[in-house]
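This structure is in structure tokens; I'll ask about it shortly.
The values are calculated or read from the model by the stated rules, or taken from the named source; none is laboratory data. Treat the numbers as computed from the prediction; the structure is a model and nothing was measured. Positions of Cβ are backbone-derived with ideal geometry, glycine not excepted, and every protein chain shown enters the neighbour counts. Quick note on the areas: whole protein, heavy atoms, side chains included, nothing else; ligands and nucleic acids left out. Shrake-Rupley method; radii C 1.70, N 1.55, O 1.52, S 1.80 Å.
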Amino acid sequence: ADKGYISSEDDCIFDYLPDHSSLCTGGREKITIRHMLTMSGGLQWNEWDVSVSESNHEIIRFNQSANPVLYLLSKPLLSEPGTTFYYNGGGVDLLGQIVKNAVGEDIKAFSKTNLFTPLGINNYYWQTLSPSGITCCHGDIYITPRDMAKLGYLFLNDVMWNGTRIISSECISKSVQAHISP
């Protein structure tokens, strides 16, 4: 929403996922981008209750799925969107797909142009999920500690880098607010 590619965080996720519109039923039509950002989409997800080393771990099944977005959105809706927090790494990848569809380029290219290049970050690597080929956004980016510190610097300095605003202050402010109690 910061650059205008997405109208509002309150837009339904399916507005940006036309290939999955058949799943926009049974209460899922109420899931917004804000719900996914705050991990309160209400979809069944078992990422904290099972050891990540177990083959039935939710994120492993998601990662290995031929269509991870379909895998996630096919989950039963357990709570009204926006009412219950539950950590959902798959939802972060879904947000990456929403950005891809809204912007017209994948998150790798978008982040390079709009974040990494302006910060002088050149040594990084986004993992790609196999067999789906989607960019992994739920924590598998490889970046140097020095470059990660640049991201922290942005938060401490009103998202300014060498006199240039990288991200809106409003966006950063929202990212550090309490939204829903875990």
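Any idea which of Asp15, Asp93, Asp19 is among the acidic types (Asp, Glu) and surrounded by fewer than 14 Cβ atoms within 10 Å (Cβ to Cβ)?
Going through Asp15, Asp93, Asp19 in turn, just one is among the acidic types (Asp, Glu) and surrounded by fewer than 14 Cβ atoms within 10 Å (Cβ to Cβ): Asp19.
Every residue in the range 96-106 that is part of a helix (DSSP H, G or I) and either open to solvent by 60 Å² or more (accessible area, probe 1.4 Å) or charged (D, E, K, R) (or both), please.
Of everything in the range 96-106, those that are part of a helix (DSSP H, G or I) and either open to solvent by 60 Å² or more (accessible area, probe 1.4 Å) or charged (D, E, K, R) (or both) turn out to be Lys100, Asn101.
Determine whether the range 49-57 contains at least one residue that is in contact (Cβ under 8 Å) with a residue 12 or more places away in the chain and open to solvent by 70 Å² or more (accessible area, probe 1.4 Å).
Within the range 49-57, not a single residue is in contact (Cβ under 8 Å) with a residue 12 or more places away in the chain and open to solvent by 70 Å² or more (accessible area, probe 1.4 Å).
So in the range 142-175, with the set limited to residues that are assigned to a helix (DSSP H, G or I) and of a type in the set (Asp, Glu), which one is modelled with the highest pLDDT?
Among residues in the range 142-175 that are assigned to a helix (DSSP H, G or I) and of a type in the set (Asp, Glu), the one modelled with the highest pLDDT is Asp147.
Out of the range 62-90, which residues are surrounded by 15 or more Cβ atoms within 10 Å (Cβ to Cβ) and part of a helix (DSSP H, G or I)?
Phe62, Asn63, Pro68, Val69, Leu70, Tyr71, Leu72, Leu73, Gly89, Gly90
Checking Phe110 against (1) in contact (Cβ under 8 Å) with a residue 12 or more places away in the chain; (2) buried (at least 18 other Cβ atoms within 10 Å of the Cβ), which single condition isn't satisfied?
Every listed condition holds for Phe110 apart from (1).
In the range 131-142, which residues are in contact (Cβ under 8 Å) with a residue 60 or more places away in the chain and over 16 Å from the mean Cα position of the chain (by Cα)? Let's see the steps before the verdict.
Of the range 131-142, the ones in contact (Cβ under 8 Å) with a residue 60 or more places away in the chain are 131-132, 134, 136, 138.
Across the range 131-142, the qualifying residues are Pro131, Ser132.
Could you tell me which numbered condition Asp93 fails, if it satisfies all but one of (1) in contact with a strand residue (DSSP E or B) (Cβ under 8 Å, 6 or more places away or on another chain); (2) assigned to a loop (DSSP other than H, G, I, E, B)?
Unmet for Asp93, out of (1) in contact with a strand residue (DSSP E or B) (Cβ under 8 Å, 6 or more places away or on another chain); (2) assigned to a loop (DSSP other than H, G, I, E, B): (2).
A quick yes/no check of all residues on (1) closer than 17 Å to Cys136 by Cβ; (2) at pLDDT 95 or above:
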site	(1), (2)
Trp48	no, no
Glu58	yes, no
Asn63	yes, no
Pro68	yes, yes
Leu72	yes, yes
Glu80	no, yes
Tyr87	yes, no
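Condition (residue is over 18 Å from Met36 (Cβ atoms), of a type outside the set (D, E, K, R), open to solvent by 60 Å² or more (accessible area, probe 1.4 Å) and part of a helix (DSSP H, G or I)) applied to the range 125-134: is it met by at least one residue?
Looking for residues that are over 18 Å from Met36 (Cβ atoms), of a type outside the set (D, E, K, R), open to solvent by 60 Å² or more (accessible area, probe 1.4 Å) and part of a helix (DSSP H, G or I), one finds none in the range 125-134, hence no.
Only residues that are open to solvent by less than 50 Å² (accessible area, probe 1.4 Å) and of a type in the set (Ser, Thr, Tyr): list them for the range 135-160, please.
Thr135, Thr144
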